[in-house]
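Chemist: Dropping the structure in here first, questions after.
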Amino acid sequence: MPRSDRSSWLRPIGRSVPRTDRRPARRRTQLGLLNLEQRVTPVANVFANVPEANEGTLTANYTQNETSTLNFTAGGNNTVLVAFNDSGSFATGNRFTGWARSTDGGQTFTDRGTLPGNNDAGDPIWARDSVSGKIYLMTLPFTGNGFQLFTSTDNGAT
């Protein structure tokens, strides 16, 4: 292809290409676009877990991170389940996963504490079968290979 044919789609790096259509640029407000702050409904920053009473004296080794969230509607409730690495759970054995449940769309949460058993090492992930409603939570194991699988048939209540 001759150079003159490529010039319409090739732009040299570091140089601007002059507009050739000469139509005035439309401003965002003329297009009806809103700022992000105008499009998003503000919500409260709600804790999904119970902060420790001694949180001001906690060391850098105390963490709650790597969250996983599942949101679904069942039984007339907008349910939100969250799971997270929780080093505070480690004090009770080979546990490193905390979880919480909300039945009002995330407006409030109930901290559900630790998972059953004694072999969850965190890095949680949720899944839900939309036909049966069965909920799955998978974590890494402290001992052995593979993963730990937890299930719920009551919309995450247990």
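Chemist: So for each of 93-100, 121-128, 71-78, 147-154 I average, over its residues, the number of other beta carbons within 10 Å; can you give me the resulting order with the highest mean first?
Modeler: Details: 93-100: 22.0, 121-128: 18.4, 71-78: 12.1, 147-154: 13.8.
Averaged packing, sorted descending, gives the order 93-100, 121-128, 147-154, 71-78.
Chemist: Any idea what % of Cα-Cα pairs in segment 55-152 are farther than 22 Å? It would help to have the intermediate numbers written out before the result.
Modeler: Numbers: 1460 of 4753 pairs.
Pairs farther apart than 22 Å: 31 percent.
Chemist: Let me ask you something else. Measure off 7 Å from each Cα along the Cα-to-Cβ vector at Gln107 and Glu66, then give the distance between these two points in nanometres to one decimal.
Modeler: Simple spin-label model gives 3.4 nm for this pair.
Taken together, the values in this text are just the output of simple stated rules run on the coordinates, not laboratory data. In this text the structure is predicted, and so the values were computed from the model without any measurement. In this analysis, Cβ positions are derived from the backbone assuming ideal geometry, glycine residues included, and neighbour counts consider all displayed protein chains.
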